[in-house]
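The values are calculated or read from the model by the stated rules, or taken from the named source; none is laboratory data. Keep in mind that this is a model prediction, so the values were computed, not measured. Heads up, the Cβs are rebuilt from the backbone with ideal geometry, glycines too, and the neighbour counts pull from every protein chain shown. Quick note on the areas: whole protein, heavy atoms, side chains included, nothing else; ligands and nucleic acids left out. Shrake-Rupley method; radii C 1.70, N 1.55, O 1.52, S 1.80 Å.
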Amino acid sequence: MPASDPSIVILIPAAGASRRMGGRDKLMEMVDGQPVLRRIARHCLASGCATLVTLPQNGPFGSARTAAVSGLSLNSLVVADAAEGLSASLRAAAASTR
């Protein structure tokens, strides 16, 4: 399938709590002058595929992550039950792409 195939959707699961980082948000760590989350999103979009990012509904990282992907041509999905772990992002993403 070519990268521009509309049936291909890249999922960036970014609703997690970053628990193993000792209070820091791994997705907001700076790499090449930009947060990791934004850098990943830009690379995904450069592939030509639709890109979906899951974001936490609340918590300490929600607003910063939302700001990190603002202005990019991707779809974002707020995951209300993100505290349940990665499976919550996968369920929400699967339900949104049906």
*Could you list all residues from segment 37-77 that are of a type in the set (Lys, Arg) and open to solvent by less than 40 Å² (accessible area, probe 1.4 Å)?*
ARG65
*Can you find even one residue in segment 65-82 that is in contact with a strand residue (DSSP E or B) (Cβ under 6 Å, 6 or more places away or on another chain) and among the charged types (D, E, K, R)?*
yes
*Scan segment 23-37 and give yes if some residue there is under 19 Å from LEU90 (Cβ atoms), in contact with a Gly (Cβ under 9 Å, 6 or more places away or on another chain) and part of a strand (DSSP E or B), otherwise no.*
no
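Collect the residues in segment 78-98 that are more than 21 Å from SER7 (Cα to Cα) and either surrounded by 16 or more Cβ atoms within 10 Å (Cβ to Cβ) or of a type outside the set (Ser, Thr, Tyr) (or both), keeping them in residue-number order. Let's see the steps before the verdict.
If we filter segment 78-98 for residues that are more than 21 Å from SER7 (Cα to Cα), which is where we start, we get 78-88.
If the condition is that a residue be more than 21 Å from SER7 (Cα to Cα) and either surrounded by 16 or more Cβ atoms within 10 Å (Cβ to Cβ) or of a type outside the set (Ser, Thr, Tyr) (or both), then VAL78, VAL79, ALA80, ASP81, ALA82, ALA83, GLU84, GLY85, LEU86, ALA88 are the ones that fit.
If I go through segment 10-22 residue by residue, how many of them are open to solvent by 50 Å² or more (accessible area, probe 1.4 Å), under 18 Å from LEU86 (Cα atoms) and either at pLDDT below 90 or in contact with a Lys or Arg (Cβ under 7 Å, 6 or more places away or on another chain) (or both)? Give the derivation first.
First pass over segment 10-22, keeping only residues open to solvent by 50 Å² or more (accessible area, probe 1.4 Å): 11, 13, 19-22.
From the residues that got through so far, the ones that are under 18 Å from LEU86 (Cα atoms) too are 11, 13, 19-21.
The next check asks that each one be either at pLDDT below 90 or in contact with a Lys or Arg (Cβ under 7 Å, 6 or more places away or on another chain) (or both); those that pass are 19-21.
Result for segment 10-22: 3.
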